[in-house]
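K.L.:
Attaching a single structure in structure tokens format; questions to follow.
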Amino acid sequence: SVRWGLIGASTIAKQFMINAIRAQADGEVAAVMSSSAERAEAYASENGIPAAVSSLDALLSKEIDAVYISTTNELHLEQGLAAIKAGKHVMCEKPLALTSADAKKMVAAASNAGIIFGTNHHLRNAGAHRAMRKAIAAGRIGKPIAARVFHSVFLPENLQGWRITRPEAGGGVVLDITVHDADTLRFVLGDDPVEISAFTQSAGMAGGGLEDGAMCIWRFKSGVIAQSHEGFTTQYAGTGFEVHGSEGSLIATNVMTQKPVGSVLLRTASGEEELSFDREDLYTRSLRQFHAAIRGEGQPSATGEDGIWSLASAEAALQSAKSGKAVKIDPKL
Ligand code: NDP
């Protein structure tokens, strides 16, 4: 079995990842770590977790095989490096760190230690995005020309904390959502971005100089151009992902989400077709691939390198917003 230690008594673990671990035939949540002993205890009892600890050393000395890191973003690096040193497999939340250079250090350490390292980019596990990738690879839209990503949402009240108040914790919508769009564009197009231009805004929710909205324009290696919109402040926008090619268009609606919902329409000269796709929970699939990777079968659905790519992209977007110039994306892998 794979015994997991949770680093961080977080909302995402409670909402999705504990279930995803327990959905595996061989998955077990063995312990949780919070910086507060009281919160660790409360979280463990609410979620039926046998052990609660309040230090990283205490967690890493438990009998665990893997850790899931879902603390605030400035902590991922240090916690990841410690877990790798202790020989634990690591599933780390995005962004992997505050800079791609730091993310690279962590991913290199994991690879040198021979442990499995994954980035929790859930969207490439969505049936909708996998169906789009497959359709594009099969040539169903001809040559891809352009993509549009609609990923401006409303940050729920219970999450209106560090994301909109603490730059030092890696707050802001670019590190939160643009990283996901970078990864999903790479996955669906099967292509890498080379350049980005971004405008950001503070539309009234985020403070501390943080952005709560962003619009980005991307150029990919193949020549595809893309636009993406990320936000915390639009209540009624809905989400979507479109790829337009020489022979057809893929138009997906309500797919930039944590749930296996939404629809994908293929429009070509022969008319419109709804693509069917599997509706497995995104996080459960991500964990299944991770467990398989531990057994030596394949790789996590998003690797450490994928996490470096998405962070390097977000970094370039922030730099562009600041400088008013287009910025090259180079993860230096
Ligand atoms: P939370 O704010 O819920 O948790 C982050 C940290 O905040 C926790 O580790 C905890 O610290 C602290 N915290 C939580 N609740 C309280 C409280 N009531 N009082 C004081 N401190 C508290 O963050 P999220 O779950 O939204 O995000 C965590 C990470 O996961 C981030 O890196 C984020 O980017 C990522 N994420 C990824 C998603 C995905 O789909 N891939 C979706 C959502 C988030 P402690 O552990 O010390 O108790």
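K.L.:
Quick one: Cα convex hull volume of the range 227-283, Å³ per residue?
P.N.:
Hull volume over Cα atoms, normalised by residue count, gives 104 Å³.
K.L.:
A further question follows. At 1.4 Å probe size, with every protein chain present, just tell me what the per residue accessible area of the chain comes to in Å².
P.N.:
About 42 Å² of surface per residue is accessible.
K.L.:
Multiply the residue gap between GLU63 and ASP192 by 0.36 nm, knock off their C-alpha separation, and tell me the result in nm, one decimal place. Each step should come with its number before you reach the end.
P.N.:
Values: separation 129, 0.36 × 129 = 46.44 nm, distance 3.92 nm.
Between GLU63 and ASP192, full extension yields an extra 42.5 nm.
K.L.:
GLU247 to GLN201: extension gain in nm, 0.36 nm per residue of separation minus the Cα-Cα distance?
P.N.:
Taking 0.36 nm per residue and subtracting the Cα distance, the gain is 13.0 nm.
K.L.:
A further question follows. Magnitude of the Cβ-charge dipole of the range 220-320, K/R +1 and D/E -1, about the Cα centre, nearest 20 debye?
P.N.:
Roughly 200 debye, rounded to the nearest 20.
K.L.:
Magnitude of the Cβ-charge dipole of the range 1-143, K/R +1 and D/E -1, about the Cα centre, nearest 20 debye? Provide the component values of the computation, followed by the final result.
P.N.:
Numbers: 16 positive and 12 negative charges, 213 e Å.
Charge dipole, the range 1-143, about its Cα centre: 1020 debye, nearest 20.
K.L.:
What 222 nm value per residue comes from the helices of the chain, counting each DSSP H run with n ≥ 4 as -39,500 (n - 2.57) and dividing by all residues, nearest 500 deg cm²/dmol?
P.N.:
Working: 10 runs with 103 residues, N = 333.
My calculation for the chain gives -9000 deg cm²/dmol from helical runs alone.
K.L.:
If you don't mind, there's one more thing I want to ask. Given the chain, what percent of its DSSP beta bridges are antiparallel, to the nearest 5?
P.N.:
60
K.L.:
With equal scatterers on the alpha carbons only and no solvent term, can you work out the Debye log10 of I(q)/I(0) for the range 212-333 at 0.10, 0.13 1/Å?
P.N.:
For the range 212-333, the Cα-only Debye profile gives -0.46, -0.79.
K.L.:
Suppose each label sits 7 Å from its Cα in the direction of the beta carbon; what would the GLU46-ALA326 distance come out to in nanometres?
P.N.:
It works out to 4.7 nm between the two label points.
K.L.:
Now for a separate question. On full extension of the chain, what length is gained from SER270 through THR11, given 0.36 nm per residue of separation minus the C-alpha to C-alpha distance?
P.N.:
Between SER270 and THR11, full extension yields 88.7 nm more.
K.L.:
Give me the net charge of SER301's neighbourhood, meaning all other residues with Cβ under 11 Å from the Cβ of SER301; Lys, Arg count +1, Asp, Glu -1.
P.N.:
Net of charged neighbours comes to +2.
K.L.:
Something else about it: Order the peptides 181-189, 270-278 from the highest to the lowest mean number of other Cβ atoms within 10 Å of their residues.
P.N.:
181-189, 270-278
The values are calculated or read from the model by the stated rules, or taken from the named source; none is laboratory data. Note that the coordinates shown come from a computational prediction; the quantities given were computed from them, not determined experimentally. When we count neighbours, we look across all protein chains shown, and the Cβ atoms used for this are built from the backbone with ideal geometry, even at glycine. Heads up: the accessible areas ignore ligands, DNA and RNA and are worked out on the full protein's heavy atoms, side chains in. Shrake-Rupley method; radii C 1.70, N 1.55, O 1.52, S 1.80 Å.
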